[in-house]
Amino acid sequence: MKSIAAVAIGFSLVLATPAFANTGEMSVATFLSKADALRAKGPAALFSGDMKVLKSEGEAAGAAYRSRLTAERAAGKPSSCPPTGGKARMSSDQLLTHLRAYPAPARGATTMKAAMADYFIKTYPCR
């Protein structure tokens, strides 16, 4: 069963809006550490300042990839082909599973921007 924190994290990442974007430069290791700490708090995680931090990082990573993909499409070379109209959905479990798939030594050197791009490239390849 998903915890409220995990659902909130996933929901905020899927509905990312560029207007609230931060840098997206947080490492996968830091993101996972904060997400795990929030998950351990259960419902109390909704009141944690780290919830806002993770939401901002997710929004920034999503916005950066959308921007990158727009430029790639304009050049005729998209790195992924997700469904249009907001139909590409990612649950918190999918995101965390993807982030945990990085080898531990690589997590510290991989940004959330790069991880989000990797997710979409892997999940929605162009055919």
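The values are calculated or read from the model by the stated rules, or taken from the named source; none is laboratory data. Small disclaimer: the values here were computed from a predicted structure and weren't measured. Ideal geometry is used to build each Cβ from the backbone, glycine not excepted, and the neighbour counts take in all protein chains shown.
Against the test of being modelled with pLDDT of 95 or more and among the aliphatic types (A, V, I, L, M), the options Leu32, Leu13 yield a single qualifying residue, Leu32.
Looking at segment 118-125, can you tell me whether even one residue there is assigned to a helix (DSSP H, G or I), over 15 Å from Ala64 (Cβ atoms) and in contact with a strand residue (DSSP E or B) (Cβ under 7 Å, 6 or more places away or on another chain)? No, because not a single residue in segment 118-125 is assigned to a helix (DSSP H, G or I), over 15 Å from Ala64 (Cβ atoms) and in contact with a strand residue (DSSP E or B) (Cβ under 7 Å, 6 or more places away or on another chain).
Which residues, taken from segment 67-86, are small (Gly, Ala, Ser) and under 14 Å from Lys122 (Cβ atoms)? Across segment 67-86, the qualifying residues are Ser79, Ser80. Restricting segment 82-99 to residues that are out of contact with any helix residue (DSSP H, G or I) (no Cβ under 8 Å at 6 or more places or on another chain) and of a type in the set (S, T, N, Q), the residue that is surrounded by the most Cβ atoms within 10 Å (Cβ to Cβ) is Thr97. Considering segment 54-104, and only residues there that are β-branched (Val, Ile, Thr) and modelled with pLDDT of 90 or more, the residue that is farthest from Ala29 (Cα to Cα) turns out to be Thr70. Restricting attention to segment 35-53, which residues are buried (at least 19 other Cβ atoms within 10 Å of the Cβ) and modelled with pLDDT of 90 or more? Passing the criteria: Ala35, Leu38.
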